[in-house]
Amino acid sequence: MKRLILLFTVVPLVELALLIWIGSHTSVSGTIAIVLVTGFVGAALAKHQGWQTWRRLQDGMRSGEPPADVLLDGVMILIAGALMVTPGVLTDAVGFALLLPPVRGLLKARLRSRLMAHATAQFRSFHSGGTGQGGGAEGAGTPTGTVIDAEFTRKDDESSSPPTDG
């Protein structure tokens with residue numbers, strides 16, 4: 001919740017302050033030109049990289065490679081494009097950064113490590129009897145200590161072949 005408040009209140013205020021500061025050092029028309037040019041250039045770059053990512057995804061799927069990295073690239077390029085068309089200097093800077101493959105590589109590595117840490121914590125919680133997200137371990141497919149050895153016959157198979165004693 002705090003992150004949403006930060007995102008929707010602080011970021012626009014910082015953007016506004018930056019635009020006013022740039023306008024005071026240049027001109028209003030210069031500031032508008034900067035916003036428009038970065039928006040158009042960013043959208044064009046995002047579109048170009050998006051198509052490249054789409055081709056990489058198709059090539060990888062044909063060769064049987066897992067698409068996780070390419071999909072993460074695609075999501076980051078999509079976010080970059082959205083940031084680039086949002087008026088402002090700060091969002092443009094973050095958008096341009098996301099269009100750089102080395103920056104995306106660093107973010108993917110961080111995201112992977114955070115996801116692995118979260119998955120490991122969930123796994124440990126589940127197997128230690130904690131609640132995890134799917135409830136406790138009891139009744140969730142883990143044995144409770146009682147083993148029942150049994151044989152069965154399907155009802156639809158009874159008419160075709162009698163059970164054998166063996």
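The values are calculated or read from the model by the stated rules, or taken from the named source; none is laboratory data. On a predicted model such as this, the values are computed, not experimentally measured, just so you know. In this analysis, Cβ positions are derived from the backbone assuming ideal geometry, glycine residues included, and neighbour counts consider all displayed protein chains.
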Next on the checklist: Arg62 - would you say it is basic (Lys, Arg) and out of contact with any helix residue (DSSP H, G or I) (no Cβ under 7 Å at 6 or more places or on another chain)?
Outcome noted: yes
Checklist entry - Does Arg62 qualify as being under 27 Å from Gly105 (Cβ atoms), of a type in the set (Lys, Arg) and loosely packed, with under 12 Cβ neighbours inside 10 Å? => result yes
Checklist entry - When Gln52 is evaluated against the numbered criteria (1) of a type in the set (S, T, N, Q); (2) under 21 Å from Leu107 (Cβ atoms); (3) surrounded by 17 or more Cβ atoms within 10 Å (Cβ to Cβ), which criterion, by number, is the only one it fails? => result (3)
Checklist entry - Restricting attention to region 17-29, which residues are loosely packed, with under 12 Cβ neighbours inside 10 Å and either in a helix (DSSP H, G or I) or under 19 Å from the mean Cα position of the chain (by Cα) (or both)? => result Ile20, Ser24, His25, Val28, Ser29
Next on the checklist: For region 65-103: of the residues being touching a Gly at 6+ places or on another chain (Cβ under 9 Å), over 26 Å from Pro12 (Cα atoms) and not acidic (Asp, Glu), which is surrounded by the most Cβ atoms within 10 Å (Cβ to Cβ)?
Outcome noted: Val70
Checklist entry - What do you reckon, is Arg124 modelled with pLDDT under 85, in a helix (DSSP H, G or I) and basic (Lys, Arg)? => result yes
